[in-house]
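Report on one structure; see the data block that follows.
Every number here is computed from the coordinates shown, using simple stated rules; none is lab data. Remember, predicted model here, so these are calculated numbers, not experimental data. Cβ placement follows ideal geometry from the backbone for every residue including glycine, while neighbour counts extend to all protein chains displayed.
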Amino acid sequence: MGQAKPYILRLCLGIFLSGWIFPQDKTLYILHTNNTNGALENCYCPDHPFGSVEKRTVFISEFLNKHSNVILLDAGDIFTMTHQDFKDSLMAEAYRLLPYDAILPGDQELMMDPNEINRLFDTMGIHVVATNITVADIEGLLVSHIVERDGLKIAILGIMDPYAVKYYSPELINHIQLEDPIVAVKKTMKKLTDQVDIFVLLTHQGADLDFEMAEKIDGLHLIVGSHSQSAIEKPEEVNGTLIVQAGKEGYYVGIAELIIKGKEVVGKTGRIDTMRLDMPDNPSVMNMIHEYEKKTGRINHQKLKLKAKK
C-alpha cells in the first residue's frame, strides 16, 4: 500500500498536467435561422407538415438549457413579404422571447418604411449587423458585433449582395447603399484580426454566392446564409469555411458545431433540425397567434381540422 500511494499521486498529477498542457476540445454551437417570412406558424398542410416559430421558441430554449457555448443568429427576411404591420409586430415580440445575439436585415426589412423597421428592431432588442449596408434613417446598424463564449471572442459580420435587391424599383432602393461585400468583409476582418478568435459571416445573397464568396476570403470559419431559402442538410466546407442555411418559413433550425482546441477551430459540422408538428408549442407565441386570428379573422382551418381529428 505504501508503494501504491506515490504511484496514484503521480498518475493524478500526470492527468492534471496533461489536461493543462494539452487542453481538451470544446464545442461552440451556432444556432441559425433565416427567411422566417412572418410565419408564426405554418399551414398544417399535408405536404408541409412543419411547425414554425411556435415550435422553434421551445426547441431553442431547450437546446440552450442543455448546452453551453451557444450563439443564436438570424440572416434576415424575418418579417412578412407584404409588410403586414400587426403580424410583423407580433413577430418582433416573438423574436424577443429568444436571446438572439445578432441578426442581419434582409431585403424585406430594408424595403420597409424606416420608422416601421426602427420600431420593430427596437421591440426585438437585438444587435443588427450590416457590414456593407448603409441605409438612410435606419438606426443602430453595426459593422460587426463581438460576443464572448468560454474565453473565445467571436466576430459576427453581415452583408447583403446587390443581387438581393436587383428586382426592386429604383424608388424603393434609392435609400440603400451597398459596399462591395468582399471588400467590406476583408476590410473589417483586417481590423479585427488581432481582437477575435473566430469569424462568422451572415449573408443575404443566396447559397451560390456564398460558395463563391468563401473562395475569395481567407480566414472565415462560418457563413450563415439566406435569401435563396436553401435547406442545406449536409453543409460543406469551401476554403476552410463551413456554409450553412436553414430553409424557409421557420421549417428548420440550423445547428453548426465548431470544435475548438485551445483557440483554434479544428473541426466543423452542421445540420438542420425539422420543427415537427408533434413538437411542443410555446404558450406565448400561441397567444400571439390567437390574438392575430381574433383581430384579423384569418383562421388556420387546416389546424382546426387536424385538432378535430385528435
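Counting charges near I232 (Lys, Arg +1; Asp, Glu -1) among other residues having Cβ under 15 Å from its Cβ returns a value of -3.
I want the antiparallel fraction of DSSP beta bridges within the range 24-309, as a percent rounded to 5.
55 percent
Placing a label point 7 Å from the Cα of Y168 along the Cα-to-Cβ direction, the residues of the range 56-80 whose backbone N falls under 14 Å from that point are 76-80. Other residues lying with their Cβ under 15 Å from the Cβ of I198 contribute a combined charge of -4, Lys and Arg counting +1, Asp and Glu -1.
Is there a pair in K153/K190; K26/K190; K234/K263; K153/K263; K191/K234 whose C-alpha atoms are over 21 Å apart, and which pairs would that be?
On the way: K153/K190 15 Å; K26/K190 26 Å; K234/K263 25 Å; K153/K263 9 Å; K191/K234 32 Å.
Those over the limit are K26/K190; K234/K263; K191/K234.
With a threshold of 27 Å on the Cα-Cα distance, the over-threshold entries among K66/K261; K166/K248; K187/K248; K186/K261; K87/K187 are K187/K248; K87/K187.
Extending 7 Å from Cα along the Cβ direction at F211 and again at R271 yields two label points whose distance is 2.3 nm.
With the Cα gyration tensor of the range 162-310 in hand, convert its eigenvalues to equivalent ellipsoid semi-axes via √(5λ) and list them largest first in whole Å.
Numbers: eigenvalues 258, 107, 39 Å².
Square roots of five times the eigenvalues give 36, 23, 14 Å.
Its residue count N sets the reference 2.2 N^0.38 Å, and the alpha-carbon radius of gyration of the range 159-207 equals 1.40 times that reference.
Listed values for the range 193-203 are Karplus-derived 3J(HN,Hα) couplings in whole Hz (6.51 cos²θ - 1.76 cosθ + 1.60, θ = phi - 60°), namely 4, 8, 9, 10, 9, 9, 10, 10, 10, 8, 10, and x replaces Gly and Pro.
Residues of the range 120-162 falling in the label zone of S284, defined by backbone nitrogen less than 12 Å from a point 7 Å along Cα to beta-carbon, are 124-125.
Going through [x] 20.6; [y] 18.3; [z] 15.1, the figure that equals mean projected area of the Cα convex hull in nm² as computed for the structure here is [x].
Residues whose amide H lies under 5 Å from that of I146, counting only those 5 or more places away or on a different chain, are I156; hydrogens are built 1.01 Å from N in the peptide plane.
Need one word for the range 40-141: rounded, prolate or oblate. Basis is the Cα gyration tensor (sqrt eigenvalues a ≥ b ≥ c); a/c below 1.5 gives rounded, then a/b vs b/c decides. Oblate, since a/c reaches 1.5 and b/c is not below a/b.
For R149, R276, R56, what's the fewest-to-most ordering of other Cβ within 10 Å of each Cβ? Each step should come with its number before you reach the end.
Working: R149 18, R276 12, R56 27.
Starting with the residue having the fewest Cβ neighbours, the order is R276, R149, R56.
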